[in-house]
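Notes follow the structure.
The values are calculated or read from the model by the stated rules, or taken from the named source; none is laboratory data. Values in this document were obtained by computation on a predicted structure and should not be read as measured data. Counting neighbours? That spans all protein chains shown, and the Cβs are built from the backbone with ideal geometry, glycine included.
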Amino acid sequence: LGQPRPPHLEKPLVPGVRSIIAVASGKGGVGKSTTSVNLAMGLAAVGQRVGLLDADIYGPSLPRMTGIARRPQSRDGKKLEPMESYGVKVMSMGFLVDEDAPMIWRGPMVQSAIQQMLSDVEWGELDTLVVDLPPGTGDAQLTMAQRVPLTGAVIVSTPQDIALLDARKAINMFRKVDVPILGIVENMSYFCCPSCGHRAEIFAHGGARACAEKYGVDFLAEIPLDIAIRETSDGGRPIVVSDPDSPQAQAYRQLAMTV
Ligand code: ADP
């Protein structure tokens, strides 16, 4: 407050929303949505007013992960009311279209859909809006990073070289448009056998930390490859809220307190 705003925040903010955090990944399937939903619910668990926007228009997975099957309504015929899950306000294109329907939109339509989900949704007063970006570093992501007043971006990657190559592209994309990188999360970082406790590094380990060091950004968290994380996400009750005392949930809450 009272400080001059950094240039990337000169764009008008979504009214009432103090901070917008994008969760990004260089490619799909690395756990970006899982991280977004657990981060959002982790922030709510530490007392923040939180929104979660599913900007992954082509593959919206947040309706399933948040356990919401209803459709949002409008009270005034102008703005949509977000849905709610575990105290987090949620909006996703997946609420508005049939789950099996393919999204055949071109880039500009995707862009305007994301803009509308920001400006035409009654988000109210929020401390943080977590935005689950589409995977990759294409046009839609770049325009989004330029047009939406992002406070910062969290990059999710698995530890493998190939995924990290894409994560580096994401870092460079945000740097190009002056969006601060809040840090990197290594997802599927290791696996502990639930029967014998043996630890296996299925997708290698530590690559994201090394990448963070190389690029001079923070390393935020190591999240294990874990059956409970997958099952709770698929079941619409993310681990942060369904098993808050588990070490996995603690890792997400720690992440929430770091960003
Ligand atoms: P993305 O958003 O990057 O495409 P998702 O978050 O949808 O990836 O995750 C892809 C799949 O991997 C989902 O089925 C999800 O439940 C699973 N998954 C993600 N993170 C983990 C994890 N740490 N442990 C186990 N399964 C995970």
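Taking only pairs six or more apart or across chains, which ones have beta-carbon atoms under 9 Å, a first residue in the stretch 119-148 that is over 27 Å from Lys27 (Cα atoms) and part of a strand (DSSP E or B), and a second residue that is of a type outside the set (Gly, Ala, Ser) and within 16 Å of the ligand (Cβ to nearest atom)?
Every condition considered, the pairs that remain are Val121/Leu53.
Each row is one residue, and each column tells you yes or no for (1) in contact with an Asp or Glu (Cβ under 7 Å, 6 or more places away or on another chain); (2) at pLDDT below 95.
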| residue | (1), (2) |
| --- | --- |
| Lys32 | yes, no |
| Leu39 | no, no |
| Ala45 | no, yes |
| Glu81 | yes, no |
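Which one is nearest to Ala210 (Cα to Cα) among residues in the stretch 127-167 that are modelled with pLDDT of 95 or more and of a type in the set (D, E, K, R)?
Here the residue is Asp132.
What is the one condition in (1) of a type in the set (Lys, Arg); (2) over 19 Å from Val130 (Cβ atoms); (3) within 16 Å of the ligand (Cβ to nearest atom) that Lys176 does not satisfy?
Among (1) of a type in the set (Lys, Arg); (2) over 19 Å from Val130 (Cβ atoms); (3) within 16 Å of the ligand (Cβ to nearest atom), Lys176 violates only (3).
Select, from Tyr58, Tyr86, the only residue that is under 29 Å from Pro224 (Cα atoms), surrounded by 14 or more Cβ atoms within 10 Å (Cβ to Cβ) and modelled with pLDDT under 90.
Being under 29 Å from Pro224 (Cα atoms), surrounded by 14 or more Cβ atoms within 10 Å (Cβ to Cβ) and modelled with pLDDT under 90 holds for just one of Tyr58, Tyr86, which is Tyr58.
Take the stretch 67-83 and flag every residue that is assigned to a loop (DSSP other than H, G, I, E, B) and either within 20 Å of Asp98 (Cβ to Cβ) or within 20 Å of the chain's Cα centre (by Cα) (or both).
Step one: of the stretch 67-83, the residues assigned to a loop (DSSP other than H, G, I, E, B) are 67-73, 75-79, 81-82.
Answer for the stretch 67-83, where residues must be assigned to a loop (DSSP other than H, G, I, E, B) and either within 20 Å of Asp98 (Cβ to Cβ) or within 20 Å of the chain's Cα centre (by Cα) (or both): Gly67, Ile68, Ala69, Arg70, Arg71, Pro72, Gln73, Pro82.
Would you check if there is a residue in the stretch 35-48 being of a type outside the set (Phe, Trp, Tyr), free of Cβ contacts under 8 Å to residues at least 12 places away in the same chain and more than 10 Å from the ligand (Cβ to nearest atom)?
The answer is yes, given that some residue of the stretch 35-48 is of a type outside the set (Phe, Trp, Tyr), free of Cβ contacts under 8 Å to residues at least 12 places away in the same chain and more than 10 Å from the ligand (Cβ to nearest atom).
Would you point out the residue of the stretch 182-199, among those that are in a strand (DSSP E or B) and within 13 Å of the ligand (Cβ to nearest atom), that is modelled with the lowest pLDDT?
Restricting to residues being in a strand (DSSP E or B) and within 13 Å of the ligand (Cβ to nearest atom), the top hit is Cys192.
Restricting to the stretch 129-156, give me the number of residues that are aliphatic (A, V, I, L, M) and over 16 Å from Val259 (Cβ atoms).
Of the residues in that region, 5 qualify.
Name the single residue, out of those in the stretch 202-217 being assigned to a loop (DSSP other than H, G, I, E, B) and surrounded by 14 or more Cβ atoms within 10 Å (Cβ to Cβ), that is farthest from the ligand (Cβ to nearest atom).
Applying the filter and picking the extreme gives Val217.
Go through the stretch 218-259 and give me each residue that's among the aromatic types (Phe, Trp, Tyr) and surrounded by 19 or more Cβ atoms within 10 Å (Cβ to Cβ). Before the answer, list the steps.
Taking the stretch 218-259 and keeping what is among the aromatic types (Phe, Trp, Tyr), we get 219, 252.
Across the stretch 218-259, the qualifying residue is only Tyr252.
Can you tell me which condition Arg168 does not meet? The list is (1) touching a Lys or Arg at 6+ places or on another chain (Cβ under 9 Å); (2) away from the ligand (no atom under 15 Å from the Cβ); (3) assigned to a loop (DSSP other than H, G, I, E, B); (4) not aliphatic (A, V, I, L, M), and all the others hold.
(3)
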